[in-house]
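Below: the structure, in C-alpha cells.
The values are calculated or read from the model by the stated rules, or taken from the named source; none is laboratory data. None of these values were measured; they are calculated from a predicted model. A quick note on method: Cβ atoms are made from the backbone with ideal geometry, for glycine too, and the neighbour counts reach across all protein chains shown. Just so you know, the surface numbers come from the protein's heavy atoms only, side chains and all, with ligands and any DNA or RNA stripped out. Shrake-Rupley method; radii C 1.70, N 1.55, O 1.52, S 1.80 Å.
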Amino acid sequence: MMAAVFLQGSAPVWLLLHAVVGFAVVGAVTHLAVHAVALARSTAPGNRGARIFGVVLPALFLVAFAAGLLLYPDWRVQVRGAVLDVRAPAASALFELKEHLAALALPLVLGAAVLARRPDAREVRWMAAPFAVLGATLVWVVALLGLFITAVRAVGGLP
Amino acid sequence: MTAPAARDATVDRAPAVDAAAECARRRAVVVLAGIAAYAAGYLAVQLSHPPAPLYDPVHRVWLVGRHAHGMLMGYFGQVLYAAVAGIAAVILTALATRRRPPGPRATRLIFGLALALMVGVIGYYVVTVVGPLI
C-alpha cells in the first residue's frame, strides 16, 4: 500500500500559516526597505525602524519559508501533479518561478537585515538599501504569485 | 586656538573611527560574499546537475541523483547546496578578513559583484520560466 503524502491531512492548516506569516513578511520587508533607503539618505547614526525590522523580518521569513517547504510535497502531488500540469501548465510554470524567487529572496532578506541593523560606518550604510529594495520586490512578486496560484487551485481542495 | 586636551581627544579619535570603519567594511564584505555565493551556488546546481538530494513525495523517500524526473523534487537539494555555499563563503570570508580588513574599494567591488550576480540569477529564472509562456 502506498504511503500518504507528507502532511497530506493537515496541508490546509500549514497553507494558512504560510499565508498569514507570508503577509507579515510582505509588511516587514516593505518597512525594512523604506527604513534602509532612509538610512542611506541620512547622516543619523542609526534608525530604530531598521533595527526592529532587521530582527523581526529574518524570523518571519524563515517561518514562512519553512511552512512552504513542509507544504511542498503535498502540493507537488495533489495540486501540481494531479491538476496544474494537466489542466493549467501556465500556473504550474508560475509556481516554479515563485519557488525560485522565494529561494533567492532568502539571502537578500537576511543580508539586508544584517546590513541595516548595524549601520555604523557611512561608507557601507547605503549598501543595505539596494538589497532591501530588491528583496522587497521579490517578496511582493512571490506573494502575488502565491495568491494567484492558490486562486487557481489550493492544497486540500475537492477533486 | 584649540585647547591641548581637545587636541589630544581629536588625535585619539581618528584611529577609533578607522577601526569602526574597518569593522563595518569587514561585516559588509562577509554578508555580501554570502549573498554572492548563495546566488552562484543556486544557479550552478540548476546548470551543472551535480548529485543532489531528491525527494520522492509519492513514496516518501529521499534519493540522490542528478535529475528530478516525474514527481521527484530537486528544490530541497538546490536550496541546501546554495545555503551551504553561502554559509561556507561567510565563514571563509570572515576568516580571510580577520587579520587584514578589506579596503573601501574592495568592499565596493564585492558589493557590485553580489548585486550583479543576484540580479543576473533572478533574470535567468524570469526569462527561462516566463519566456516560454509568452
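For A:SER92, neighbours were defined as the other residues whose beta-carbon sits under 13 Å from its Cβ, and their charges (Lys and Arg +1, Asp and Glu -1) total +2.
Close amide H partners of B:GLY65, meaning residues 5 or more places away or on another chain with modelled amide H under 5 Å apart, are B:ALA52, B:LEU54.
Solvent-accessible area lost on pairing B with A (1.4 Å probe, both sides summed) amounts to about 3500 Å².
Given a Förster distance of 30 angstrom, what is the FRET efficiency for B:LEU95 paired with B:HIS69, based on the Cβ-Cβ distance and rounded to 0.05?
The computed FRET efficiency comes out at 0.15.
With the whole protein complex present, B:ILE87 retains an accessible surface near 100 Å², based on a 1.4 Å probe. Per-residue Karplus couplings for region B:78-94, computed as 6.51 cos²θ - 1.76 cosθ + 1.60 with θ equal to phi - 60°, are listed in order as 5, 5, 4, 4, 5, 5, 5, 4, x, 5, 4, 5, 4, 5, 5, 5, 4 Hz, Gly and Pro entered as x. The mean accessible area for residues of the protein assembly as shown, using a 1.4 Å probe and ignoring ligands and nucleic acids, is 51 Å² per residue. Rounded to the nearest 10 square angstrom, A:THR30 shows an accessible area of 50 square angstrom against a 1.4 Å probe.
Give me the percent of accessible area attributable to carbon and sulfur for region B:2-133, probe 1.4 angstrom.
68
The listed residues A:LEU39, B:LEU117, once ranked by accessible area (1.4 Å probe) with the largest placed first, stand as B:LEU117, A:LEU39.
Enter the mean number of other protein chain beta carbons within 10 Å of the beta carbon of each residue in A:123-136, as an integer.
4
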